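Asker: The structure under discussion is supplied below as structure tokens; questions concerning it will follow.
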Amino acid sequence: MTQRQNQLVGLAAAALLLVAVIWMIGSMIGRGAGQNRIEQVVLEAPSNASAGGSQSHKPGVAEPPPPRRPASRPWNHGGLFAEVPTTPPADEIACPMVIGLSILKDKSDSNMTEELVGRTWETFGLMKFDLSPLNAPPKSAILKACVYAIENTKAFETPARILFYRMRTDWDETATFRYASVKKDIQWYRGRFQANDPVNAPITPDATIVVSNPPPPGFNIEADITPLVADWVKGRQANYGILMRVDFAPGYSYQANLAVANHTRYYLPKIVVTP
């Protein structure tokens, strides 16, 4: 082979090597760009960590939607009981609440008078009403109140089921989770309040109300407690007031608040009676 031929073969080999190098560099750049794209997808993909869970992202697999955030909040008080005139109709008698407070398991030596709260077996609302205007058992007795806040269960908008019971144990304005009366040094039966103890309240509620969540503005509840008030007036049971709690049934919210402090008397729980 002549010198000229050797030079041509060398040039051809160099050209092939150059093409191979260029192809390898292009492949590496392409893989790098693809990797960067995948990493960007991972960074921008929605994360479940903030919702209390964790799940690794796989390219090409759709992420499940995150749980809905709570939307319920205290609503506008405007118009609540606005239809109730200053002077009740002649055929109705309003029996006002004279004591209202909440007792809390986690604050067993104090109570809360700013709110009437029901929360499963942890917080209970207690109410007493003045029935002195009644001389005979009524034709009807309706407990009226304003539920102004609901806590959601597991971040989902679900109804709240509020239960009202007649109290069988007496209590006063100094009641706590441990004491029916701190002032008189009288503890609850068994040393702490138990809503499911027949000594304190019957097993079956006197009224049950389901509150939609979120409720419409100006939402009021009405519970028919005519048999209970009739028993009080006839003396068949002592008037120890009413227990409020919120049932923790599956699919239900587990806390509700009634308006008490910083509201006009039209917002406060009351029993409206038809003689």
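Asker: Which entries in 105/139; 234/270; 105/183 show an alpha-carbon gap greater than 30 Å?
Answerer: 105/139
Asker: How many percent of the accessible area of the stretch 137-219 is carbon or sulfur, using a 1.4 Å probe?
Answerer: 54 percent
Asker: Taking H placed 1.01 Å from N in the peptide plane, check which residues at least 5 places from residue 120 or on another chain put their amide H under 5 Å from its amide H.
Answerer: Close amide H contacts, sequence-distant or interchain: 246.
Asker: Just to check I understand the Karplus step: with θ = phi - 60° and J = 6.51 cos²θ - 1.76 cosθ + 1.60, what whole-Hz values come out for the stretch 183-188, glycine and proline as x?
Answerer: 4, 9, 6, 10, 7, 5
The values are calculated or read from the model by the stated rules, or taken from the named source; none is laboratory data. Bear in mind the structure is a predicted one, so any value in this text is a computation, not a measurement. To get the accessible areas, we keep the full protein, side chains included, count just its heavy atoms, and leave off ligands, DNA and RNA. Shrake-Rupley method; radii C 1.70, N 1.55, O 1.52, S 1.80 Å.
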